[in-house]
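Colleague: Have a look at the structure that comes next, please.
Rule-based calculations on the coordinates, nothing more; no lab input. Bear in mind that the values here come from a model prediction, so they are computed numbers and not experimental data. Note that we place each Cβ from the backbone using ideal geometry, even for glycine, and neighbour counts take in every protein chain shown.
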Amino acid sequence: MKVGIAADHGGYALKEIIRPFLTDLGYEVVDFGAYQEDKLDDYPDLIIPLARAVASKQVERGIAVCGSGVGAAIVANKIAGVRACLINDHFSAHQGVEDDDMNLLCLGGRITGFRVAEEFIQTFLEAKFTGAERHQRRLEKVIQLENE
Ligand code: RB5
């Protein structure tokens, strides 16, 4: 699976941990930056290219990190086709995919410890949308909003 990652300065340290973690698990990683810690960078400039890559299916899933994960989730969800969520618990890391077809995981680099973040990521990437009728029906109602 091809996985995209991106972070601003608030998420940079965690992103640098995530990249080798994913590579070791056998994922192909596309890094959308930042490529160095720059306290003046702005999360939309880093997260939007990743979100567009998820929407266009250049990458199958995305992982976005900012300081809290909040800004990353807000901006990523502006891109049609992206279903992003800030994840702070193990249950939501897989249930968000199984029920809601979440395709972009957001993390707070200043909130979530490295090892816990790795567990959330592995759980997210191994989860699959069930496609159950009720979930498909709800998803279609979400997608309909993007066409209004
Ligand atoms: C940057 O200082 C910080 O505001 C940003 O990384 C993020 O937490 C926004 O939600």
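Colleague: It is to be established whether one or more residues within the range 100-112 are within 14 Å of the chain's Cα centre (by Cα) and part of a helix (DSSP H, G or I).
Modeller: yes
Colleague: Among (1) closer than 12 Å to Ala6 by Cα; (2) of a type outside the set (Asp, Glu); (3) surrounded by fewer than 18 Cβ atoms within 10 Å (Cβ to Cβ), there is one condition Gln122 misses while meeting the rest; what is its number?
Modeller: Among (1) closer than 12 Å to Ala6 by Cα; (2) of a type outside the set (Asp, Glu); (3) surrounded by fewer than 18 Cβ atoms within 10 Å (Cβ to Cβ), the lone unmet condition for Gln122 is (1).
Colleague: Of all residues in the range 1-54, which are free of Cβ contacts under 8 Å to residues at least 60 places away in the same chain, part of a helix (DSSP H, G or I) and surrounded by fewer than 22 Cβ atoms within 10 Å (Cβ to Cβ)?
Modeller: Matches in the range 1-54: Glu16, Arg19, Pro20, Thr23, Asp24, Pro44, Asp45, Ile48, Pro49, Arg52, Ala53.
Colleague: If I ask for residues that are crowded, with 18+ Cβ neighbours inside 10 Å and touching a residue at least 24 places away in the same chain (Cβ under 8 Å), which ones from the range 94-110 would you list?
Modeller: Result: His94, Gly96, Val97, Asp101, Asn103, Leu104, Leu105, Cys106, Leu107, Gly108, Gly109.
Colleague: Look through Phe114, Phe129, Phe91 and report the one residue that is without any contact (Cβ under 8 Å) to a residue 24 or more places away in the chain and away from the ligand (no atom under 16 Å from the Cβ).
Modeller: Phe91 is the lone residue from the list that is without any contact (Cβ under 8 Å) to a residue 24 or more places away in the chain and away from the ligand (no atom under 16 Å from the Cβ).
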